[in-house]
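Chemist: Let me begin by handing over the structure; questions about it come next.
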Amino acid sequence: MHPVEALFVPLGRAMRKRRPDEALSLANAPELRTGGRITLTSPAFADGGVIPAKHCGALIGTSTSPALDWSALPDGTVDLLLVFEDLDVPAAVPGLHTVVAFPPTGGLVEGALRADDPRLRFLPLRLGIGRYVGPRPLPGHGTHRYRFHLYALDTRIDLTALSSSAELPGTLAGHVLASGTLLGTRTT
């Protein structure tokens, strides 16, 4: 453990029981419900498995986005939206790490989620910056579950028109053709 991390272990332990209500996950927003399903996978980790260190954030890894693959997209898919959230952050609601929209593809290679790629449209979340932010649980807080959500949309989404992530469900209402999730874990 990095010496800086050790300073936060007492705080993490003190907050171990503080977890958000998973019902508040973006995946449960009524506006995003759909009968269409996408199977989302990664060659880096199995569903429910440990996310490798290189895909994690500061003091663990390099925040290199994992490769992601998905099943066939439904006809009429115009845009994809990928959301990455922490279901166990010690806060009132699950924490969003990354929200990015892009044209339909068959998958993403490792490291593809880069802020300098003009095809990717990030919603600025942390410090007003839009980028992939890897898992980084509070040291001592225990195991965190991280969920990748993929949404196939029938319209192009303009993330720059949103003032916050809270507007996302309303913006997507009626436009979700199919969705899929992939769960990974990380402990510090």
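The values are calculated or read from the model by the stated rules, or taken from the named source; none is laboratory data. Model, not experiment: these values are computed from the prediction. Here Cβ is always computed from backbone atoms with ideal geometry, including for glycine, and neighbour counts include all displayed protein chains. Please note that ligands, DNA and RNA were not included when accessible areas were found on the heavy atoms of the full protein model with its side chains. Shrake-Rupley method; radii C 1.70, N 1.55, O 1.52, S 1.80 Å.
Chemist: How many percent of the accessible area of segment 27-153 is carbon or sulfur, using a 1.4 Å probe? Show your work: numbers first, answer last.
Modeler: Details: 2940 of 5170 Å².
Roughly 57 percent of what the probe reaches on segment 27-153 is carbon or sulfur.
Chemist: Looking at the square roots a ≥ b ≥ c of the eigenvalues of the Cα gyration tensor of segment 121-188, which shape do they give, rounded for a/c under 1.5, prolate if a/b is larger than b/c, or oblate? Display every interim value, and only then the final one.
Modeler: Values: a/c = 2.83, a/b = 1.59, b/c = 1.78.
Verdict is oblate for segment 121-188.
Chemist: Please report the spacing between the Cα centers of segment 20-50 and segment 167-185 in Å, no decimals.
Modeler: When both Cα centres are located, 8 Å separates them.
Chemist: If amide H atoms are built 1.01 Å from N in the plane of the peptide, which residues on other chains or at least 5 residues away come under 5 Å of the amide H of Ala178?
Modeler: HN-HN under 5 Å from Ala178: Ala152.
Chemist: Something else now. Considering only protein heavy atoms, with the full assembly of protein chains and a 1.4 angstrom probe, order Leu183, Leu120 by accessible area, largest first. The partial results should precede the final answer.
Modeler: Numbers: Leu183 45, Leu120 20 Å².
Descending accessible area places them as Leu183, Leu120.
Chemist: Still on this structure, I have one more. So what's the chain giving for Cα Rg divided by 2.2 N^0.38 Å, two decimals? Present the calculation step by step, with values, prior to reporting the outcome.
Modeler: Numbers: Rg = 16.2 Å, N = 188, 2.2 N^0.38 = 16.1 Å.
Cα Rg divided by the expected 2.2 N^0.38 Å: 1.00.
Chemist: Any idea what the dipole of the chain comes to, in debye rounded to 20, about its Cα centre with Lys/Arg Cβ at +1 and Asp/Glu Cβ at -1? Mind dumping the intermediate values first?
Modeler: Values: 18 positive and 17 negative charges, 133 e Å.
In debye, rounded to 20, the chain gives about 640.
Chemist: In terms of the Cα gyration tensor, with a ≥ b ≥ c the square roots of its eigenvalues, is segment 1-57 rounded because a/c is under 1.5, prolate because a/b exceeds b/c, or oblate? If you can, show how the numbers build up before the last one.
Modeler: Numbers: a/c = 3.78, a/b = 1.52, b/c = 2.48.
The shape class here is oblate.
Chemist: So what's the angle, to the nearest 10 degrees on a 0 to 90 scale, between helix 3-14 and the longest Cα principal axis of the chain?
Modeler: Once rounded, the angle reads 80 degrees.
Chemist: I'd like the Karplus ³J(HN,Hα) series for segment 144-150: coefficients 6.51, -1.76, 1.60, θ = phi - 60°, whole numbers in Hz, and an x wherever there's a Gly or Pro.
Modeler: Going residue by residue, I get 10, 9, 10, 10, 8, 10, 10 Hz, with x marking Gly and Pro.
Chemist: Given H placed 1.01 Å from N in the peptide plane, which residues other than close sequence neighbours of Val50 have an amide H under 5 Å from its amide H?
Modeler: HN-HN under 5 Å from Val50: Thr185.
Chemist: Taking the Cβ of Gly140 as the centre, find all other residues whose Cβ is under 11 Å away and add up their charges (Lys, Arg: +1; Asp, Glu: -1). Numbers along the way, then the final one.
Modeler: On the way: positive: Arg13, Arg16; negative: Glu5.
Summing Lys and Arg as +1 and Asp and Glu as -1 gives +1.
Chemist: Here's a follow-up. Working with all protein chains in place, sort Met1, Met15 by solvent-accessible area computed with a 1.4 Å probe, largest first. Walk me through the numbers on the way to the answer.
Modeler: Working: Met1 145, Met15 45 Å².
Solvent-accessible surface, decreasing: Met1, Met15.
Chemist: Another question, then. With every protein chain kept in place and ligands, DNA and RNA left out, what is the accessible area per residue of the chain? Probe 1.4 Å, answer in Å². Could the numbers behind the result be given before it?
Modeler: On the way: 8810 Å² over 188 residues.
With all protein chains present, the chain gives 47 Å² per residue.
Chemist: Which ³J(HN,Hα) values, rounded to whole Hz and listed in residue order, are derived for segment 173-186 from phi using the Karplus coefficients 6.51, -1.76 and 1.60 in 6.51 cos²θ - 1.76 cosθ + 1.60 with θ = phi - 60°, glycine and proline given as x?
Modeler: The phi angles translate into 3, x, 10, 8, 8, 6, 8, x, 9, 9, 10, x, 10, 7 Hz.
Chemist: Ordering Lys54, Lys17 by accessible area with a probe of 1.4 Å, largest first, what comes out?
Modeler: On the way: Lys54 100, Lys17 195 Å².
I get Lys17, Lys54, largest accessible area first.
Chemist: Specify whether the C-alpha gyration tensor of segment 72-165 places it in the rounded, prolate or oblate class, a ≥ b ≥ c being the square roots of the eigenvalues: rounded for a/c under 1.5, otherwise prolate if a/b is larger than b/c and oblate if not. Walk me through the numbers on the way to the answer.
Modeler: Values: a/c = 1.88, a/b = 1.67, b/c = 1.13.
Judged from the Cα gyration tensor, segment 72-165 comes out prolate (a/c at least 1.5, a/b above b/c).
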